[in-house]
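The next block holds one structure in the form of structure tokens; read it before the comments.
Bear in mind these aren't lab numbers, they're just calculated from the coordinates by the rules spelled out. All values reported here derive from a predicted model rather than from experimental measurement. Cβ coordinates were reconstructed from backbone atoms using ideal geometry, including for glycine residues, and neighbour counts include every protein chain displayed.
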Amino acid sequence: MAHTFVKDVMISDLATLDISTSIRDAAKLMDEKEIGCIIVTKNQLPIGILTERDFVKRIAAKEKPLTASLEEVMSTPLIEIDPNETVWEAAQIMKTKNIHKLPVKKDNKIIGIVTTTDLVKICSIGSDSEMRRICDQIITRMQNE
């Protein structure tokens, strides 16, 4: 029985910024690159994530100044997944932790990210029986929680 793995669906075009970067600079980068999150690093090591949802919950709602650093508003600790895990395992973590973006970590480096949108795209292929089976597995596991 074949499985689809995280490494097969992850997006590897990632943006990272140092913990000292301002919220304004992070927003500009996200806008320029048209991305929904940034991995936050300290001494080049991934320690957190800043997502569009953080802009609503941790910045706008809390009236944080755009000059504040990412350290004040990032989501941490970083929840990650191994590239060799299955996509249903990724979906399970996202559901349990209530997150929409899941960084992929290999050898202490973030090498990609899986998003709920990526999982929906897999499911929407539909005609491919393998993908439909994977989606059925994901749905069944989520219903059994």
Filtered hits (aspartates and glutamates, Cα-Cα < 15 Å from LYS109, offset >= 8 within chain) -> ASP13, ASP18, GLU80, ASP82
When the charge dipole of the chain is computed with +1 at the Cβ of Lys and Arg and -1 at the Cβ of Asp and Glu, the Cα pointing farthest to the positive end, of PRO103, LEU66, THR115, is that of LEU66
Magnitude of the Cβ-charge dipole (Lys and Arg +1, Asp and Glu -1) of the chain about the Cα centre, nearest 20 debye, reported as 280 debye
Under a Gaussian network model of the chain whose springs join Cα atoms within less than 10 Å, the largest fluctuation of VAL114, VAL104, VAL56 belongs to VAL56
One finds the C-alpha centres of the range 18-38 and the range 89-106 to be spaced, in Å, by 21 Å
With N residues in the chain, Rg(alpha-carbon) / (2.2 N^0.38 Å) equals 1.11
From fewest to most C-beta neighbours within 10 Å, the residues ILE111, ILE59 line up as ILE111, ILE59
Applied in sequence order to the range 8-14, the curve 6.51 cos²θ - 1.76 cosθ + 1.60 (Karplus, θ = phi - 60°) yields integer Hz couplings, x standing for Gly and Pro, of 7, 10, 5, 9, 9, 8, 10
The chain, Gaussian network, Cα under 10 Å: of GLU32, GLU80, GLU52, the residue fluctuating most is GLU32
Sequence order, the range 48-60: Karplus ³J(HN,Hα) from phi using 6.51 cos²θ - 1.76 cosθ + 1.60, θ = phi - 60°, Hz rounded, Gly and Pro as x, gives x, 9, 10, 10, 4, 5, 5, 4, 6, 6, 9, 10, 4
